[in-house]
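Colleague: Below are the structure tokens for one structure; questions will follow.
The values are calculated or read from the model by the stated rules, or taken from the named source; none is laboratory data. Please read all numbers here as calculations on a predicted model, not as lab measurements. Glycine gets a Cβ as well: all are built from the backbone with ideal geometry, and neighbour counts include every protein chain shown.
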Amino acid sequence: MINPMNHHRIALFADIHSNLEAFAACLEHAQSQGATRFIFLGDLVGYNANPIEVLDHIMNLIASGVGIAIRGNHDTACVEPYFPKMNPIADAAITWTKEQLSTKHKHFLSELPPIFFEDDNCYVHASAYQPENWHYVTDGLSAWRSAEASGKIYTFSGHVHEQALYYQSSVGKLIRFAPHAGDAIPTGRHRRWVSIVGSLGQPRDGNPKANYALFDPVAQTMHFHRVDYDHLLAADKIKHAGLPNELALRLIQGI
Amino acid sequence: MFSLFQSKSPYSIEIEAVEDIFQEGKTVDGFFIEGQFHQGGMAILKNAKDIETNQQVLLKIPQVGKDQPIENLICFETELTILAALKSPYVPRFIRGGNMATTPYIAMEKVIGESLEDILQRQPLPFDQIILIAANLARAIQSIHQQEVIHLDLKPDNILVDAQFQIYIIDFGLAHHNRFPDLLAEEMRKGIGSAPYISPEQIAGLRQDLRSDIFSFGVILYEMVTGTLPFDHPQTLNGLRKRYWEQPKPPRAIRQDTPPWLQEIILRCLEPFAKDRYQTATHIRQLLREPSAVKLTDRAKKIKPLSFWQSMQRWLNATGYEPSEIPRSAIIYEQAPLMVAAVNTSNDDPEMFERMQRAAENIMRVFPEGRISCISMMQSSPTFEGPTEIESASGLYRNHLVRLQKWAAPLHISQERISFHIFETLDPGARIIEFAKDNDAAVILIGATAETPNRVVPWRSVMTKVVEEGPCSVYVVRK
């Protein structure tokens, strides 16, 4: 039998959105589960109060050779002069984040790839189909389009804040499955899989716990997780930083 | 051999043919392959020896190759996933599985039993045997349902019965597990399953309703009683759809000595709409063991098939058949829970009686589908029976029973949802726990005893034991 702790597991973090408390909690959880590689699926910043600390941590992981980061739409909005407007609250958070970022951090964000391929895996923030148009993967058809564009067995992404696993049926169609946190779900290599790992820094399904996922390439299993963290502290920081109050409420209620 | 990608895909792998891998005399993954045990439509079962443990096991190997449909492999993959996750004394134990792509096999415990299909050849079966097998089968179904698995292909071929009439359910190739992606969803033709046994909602393409297994259970029970199939063996979709409205010929019309209560159970399981059936297998099991609790309706009385006009009425009801809404499998047991009310009928404490009644009433109000089992204990029968009936063992028993029924009367719970049990035991706590476990109770209701520090109160220790060791939630009523 394969001992699950004996080989590498890949931790997948999406939509951290400058939430340091949630990030630290998920990182610790992932390490305790045997994660040795850390993939950041975009939207590292925006919404919450610790962009610098979060970016420094991610830059360290990349520098030590165990991390890969992808650029998301919020990251792009912080570094591109002409980025289409989002909703007013998100825009306010972008404006605030831009003021915090140093040249070094902005340079780091602007250099991130929009999509990354490695072995059988594709990492992308939104759909792999036109990655910089940030299409949402919300149903079988959009998941199929993403899988077709990525051409890989496994496509991992974020952007949509709820966890979902799309799996390929024998007729080619992709079917949505709502995973249960903590289960080891067999994801054999003879099918295609599109995993939406869920938002780490701004959960929106009414449960304030942070989302992330682990992939075990040897056992061929996906593990979706929900992790408790000090969301009240993160919400407090939002208020003190002068970010819109709604963002603090979202963290508290998980909406 | 097995790739779901288009031909241009770089991921298909050149591998050895499955027949060559599992040849007699070879060793695969620590199993010494012996002769063939059984050949089914989709897979082959081979005898093998686990070299490490020296145990006889069975290897299930999918039928693959040019002429074989892809369903074989998808069903194999489904069974591999679900069997590996299931832990039940009523399902062969999963030992390990091979790689889906290179060495597809499932190694499982070899259970000894006769298939129910073979038993069915010995018609007519005596009723006590039918009821015992059915009650045990209901227990086995309950066990997999509790783990969020729906079998969806229950039929006599997939049920093994051992010498003690214990049941093993086999073949999970068409099963659904709520916690894993359903590989058979939206796949292939609608209504996969076995024509005589498949439920109407499965024909409509639904795979998430555990009450589909209740329907198949009804078909099996009908067959055990009458020796015939309630909906025959239809070969066409239109033939299959008849069960959306058809009520089968009542078992009493075929086997006249069928008890009305048993007919009631069978016909209720065969209701076209899942909401009209028994909602849980554990409920059926309880009724099979306590026929007096079965609520008899018109179904029990029937001795003739429905008239043309009655059939017409049912046909109209089924036009545009919409399956019942599906409760989430894990939650259905919470919606139709069993409460065990442990009432101390030896102790006459009107205030406690009343408080327990109110607590029971409140709990039952929340669960309109809920059931209640009222139990009480006789510490032991008297060694010397007195001259009057009230002093005899049966008199004592009846006395307790009357008190128990008196306790429950103000709750106004229909006969079908309530049962009464008096147990004779030296260890009431252990008996309450055993009863709750045996019947998958959701909650035990028990009265606390007033603080009497100077006296040893046996019922108090019973409560403590139940709270500490009970298999479910325990509701302690205080004065």
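Colleague: Confirm whether A:GLN163 is out of contact with any helix residue (DSSP H, G or I) (no Cβ under 6 Å at 6 or more places or on another chain), closer than 30 Å to B:ASN72 by Cβ and surrounded by 21 or more Cβ atoms within 10 Å (Cβ to Cβ).
Modeller: The answer is no for A:GLN163.
Colleague: All but one of (1) assigned to a helix (DSSP H, G or I); (2) in contact with a strand residue (DSSP E or B) (Cβ under 7 Å, 6 or more places away or on another chain) hold for A:ALA93, so report the exception by its number.
Modeller: Just one mismatch for A:ALA93, condition (2).
Colleague: Here is a check on your reading of the model: is A:LEU141 surrounded by 20 or more Cβ atoms within 10 Å (Cβ to Cβ) and hydrophobic (A, V, I, L, M, F, W, C)?
Modeller: The answer is no for A:LEU141.
Colleague: Look through region B:376-421, keep the residues that are aliphatic (A, V, I, L, M) and over 24 Å from B:GLY447 (Cβ atoms), and return whichever of them is modelled with the highest pLDDT.
Modeller: Looking at residues that are aliphatic (A, V, I, L, M) and over 24 Å from B:GLY447 (Cβ atoms), I get B:ALA393.
Colleague: Considering region B:12-65 alone, what residues qualify as being under 34 Å from the mean Cα position of the chain (by Cα), modelled with pLDDT under 85 and buried (at least 16 other Cβ atoms within 10 Å of the Cβ)?
Modeller: Those that are under 34 Å from the mean Cα position of the chain (by Cα), modelled with pLDDT under 85 and buried (at least 16 other Cβ atoms within 10 Å of the Cβ): B:MET42, B:GLN63, B:VAL64.
Colleague: Count, please, the residues in region B:398-452 that happen to be among the aromatic types (Phe, Trp, Tyr), over 23 Å from the mean Cα position of the chain (by Cα) and not in a helix (DSSP H, G or I).
Modeller: Matching residues across region B:398-452 total 1.
Colleague: Failed condition for B:ASN238, given (1) within 14 Å of chain A (Cβ to nearest Cβ); (2) in a helix (DSSP H, G or I), with all others met?
Modeller: Here B:ASN238 clears every test but (1).
Colleague: Would you mind stating whether A:SER169 is touching a strand residue (DSSP E or B) at 6+ places or on another chain (Cβ under 7 Å), of a type in the set (Ser, Thr, Tyr) and buried (at least 22 other Cβ atoms within 10 Å of the Cβ)?
Modeller: For A:SER169, the condition - touching a strand residue (DSSP E or B) at 6+ places or on another chain (Cβ under 7 Å), of a type in the set (Ser, Thr, Tyr) and buried (at least 22 other Cβ atoms within 10 Å of the Cβ) - is not met.
Colleague: If the requirement is being in contact with a Phe, Trp or Tyr (Cβ under 7 Å, 6 or more places away or on another chain), closer than 30 Å to B:ARG207 by Cα, assigned by TED's automatic domain parsing to the domain that holds B:HIS145 and in contact (Cβ under 8 Å) with a residue 40 or more places away in the chain, which of these qualifies: B:ARG289, B:ARG285, B:ARG314?
Modeller: That would be B:ARG314, the only listed residue that is in contact with a Phe, Trp or Tyr (Cβ under 7 Å, 6 or more places away or on another chain), closer than 30 Å to B:ARG207 by Cα, assigned by TED's automatic domain parsing to the domain that holds B:HIS145 and in contact (Cβ under 8 Å) with a residue 40 or more places away in the chain.
Colleague: Something else now. Restricting attention to region B:21-43, report how many residues are assigned to a loop (DSSP other than H, G, I, E, B) and touching a Ser or Thr at 6+ places or on another chain (Cβ under 9 Å).
Modeller: Looking only at that region, the number is 2.
Colleague: Moving on. Examine region B:184-200 for a residue that is in a helix (DSSP H, G or I) and more than 14 Å from chain A (Cβ to nearest Cβ), and state whether such a residue exists.
Modeller: Looking through region B:184-200, at least one residue is in a helix (DSSP H, G or I) and more than 14 Å from chain A (Cβ to nearest Cβ).
Colleague: Does A:PHE23 satisfy the condition of being touching a residue at least 12 places away in the same chain (Cβ under 8 Å) and either surrounded by fewer than 16 Cβ atoms within 10 Å (Cβ to Cβ) or closer than 30 Å to A:PRO186 by Cβ (or both)?
Modeller: Considered against the rule, which asks whether it is touching a residue at least 12 places away in the same chain (Cβ under 8 Å) and either surrounded by fewer than 16 Cβ atoms within 10 Å (Cβ to Cβ) or closer than 30 Å to A:PRO186 by Cβ (or both), A:PHE23 comes out as yes.
Colleague: Which ones in region A:138-193 are assigned to a loop (DSSP other than H, G, I, E, B), among the acidic types (Asp, Glu) and either in contact with a Phe, Trp or Tyr (Cβ under 6 Å, 6 or more places away or on another chain) or more than 7 Å from chain B (Cβ to nearest Cβ) (or both)?
Modeller: A:ASP139, A:GLU162
Colleague: Quick one: which residue in B:ASP171, B:ASP209 is at positive phi and either within 14 Å of chain A (Cβ to nearest Cβ) or part of a loop (DSSP other than H, G, I, E, B) (or both)?
Modeller: B:ASP171
Colleague: To continue, here is another question. Of B:PRO89, B:PRO69, B:PRO126, which residue is free of Cβ contacts under 8 Å to residues at least 24 places away in the same chain, away from every other protein chain (no Cβ under 14 Å), surrounded by fewer than 16 Cβ atoms within 10 Å (Cβ to Cβ) and not β-branched (Val, Ile, Thr)?
Modeller: B:PRO126
Colleague: Also: Identify, by number, the condition in (1) in a loop (DSSP other than H, G, I, E, B); (2) under 15 Å from A:PHE13 (Cβ atoms) that A:GLY65 doesn't meet.
Modeller: A:GLY65 satisfies every listed condition except (2).
Colleague: Let me ask something else about it. Is it the case, given these coordinates, that B:ILE74 is more than 30 Å from B:ASP440 (Cα to Cα), in a helix (DSSP H, G or I) and more than 24 Å from the chain's Cα centre (by Cα)?
Modeller: yes
Colleague: What are the residues in region A:88-131 that are among the polar types (S, T, N, Q), farther than 19 Å from A:ALA14 by Cβ and surrounded by fewer than 16 Cβ atoms within 10 Å (Cβ to Cβ), if any?
Modeller: Passing the criteria: A:THR95, A:SER102, A:THR103, A:SER110.
Colleague: A further question follows. Looking only at region B:94-123, which residues are in contact (Cβ under 8 Å) with a residue 60 or more places away in the chain and surrounded by fewer than 19 Cβ atoms within 10 Å (Cβ to Cβ)?
Modeller: Passing the criteria: B:ARG96, B:ALA101, B:THR102, B:THR103, B:LYS110, B:LEU120, B:GLN123.
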